[in-house]
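Worksheet: the structure to be examined is printed underneath.
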Amino acid sequence: MSEEKITLESLELKKPLDKLTQKELRELCINKMPLISGVSGMDKDTIIANIKEFLGIKEEDTVSPYKDQILTIKKTIRTMREEKVKVESRKDRSIMRRRINKLKKRTRAMAKAL
């Protein structure tokens with residue numbers, strides 16, 4: 001009886017491991033990777049680490065090169081929200097809201113650009 005090696009591609013996941021819910025990860029382990037035991041008592045990070053170890057995926061500590069920029073933009077967004085509450089004019093509030101939304105889009109794009 002030949003055992004086929006389980007790979008990340010053979011699992012045919014619809015989302016990356018980090019985006020799966022804890023319940024989905026548990027079902028994945030129970031149904032497709034029975035060698036990983038005790039998943040019902042593990043948290044999400046531990047399950048992901050065990051799956052990566054089982055599949056032989058090396059854990060890389062990748063930090064977004066834009067992390068500092070994202071954090072400064074988020075601080076700016078927080079201060080802009082505080083200012084928006086104080087603004088009287090509806091037109092000015094609308095302008096502030098659009099600026100905040102542009103900044104939020106920029107942070108999402110930066111986070112996605114890994």
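Scan the stretch 53-88 for residues that are modelled with pLDDT under 85, of a type outside the set (Phe, Trp, Tyr) and either in contact with a Leu (Cβ under 9 Å, 6 or more places away or on another chain) or at positive phi (or both) and the total you get is 6.
If residue 12 satisfies every condition in (1) modelled with pLDDT of 85 or more; (2) on the phi > 0 side of the Ramachandran plot but one, which is the exception? Failed condition: (1). For the stretch 29-42, what are the residues that are surrounded by 14 or more Cβ atoms within 10 Å (Cβ to Cβ) and either farther than 17 Å from residue 56 by Cβ or modelled with pLDDT of 85 or more (or both)? Within the stretch 29-42, 29, 39, 42 qualify.
The values are calculated or read from the model by the stated rules, or taken from the named source; none is laboratory data. Nothing here was measured: the structure is a model prediction, and the numbers come from that model. Using ideal geometry, Cβ is built from the backbone for each residue, glycine included, and neighbour counts are taken over all protein chains shown.
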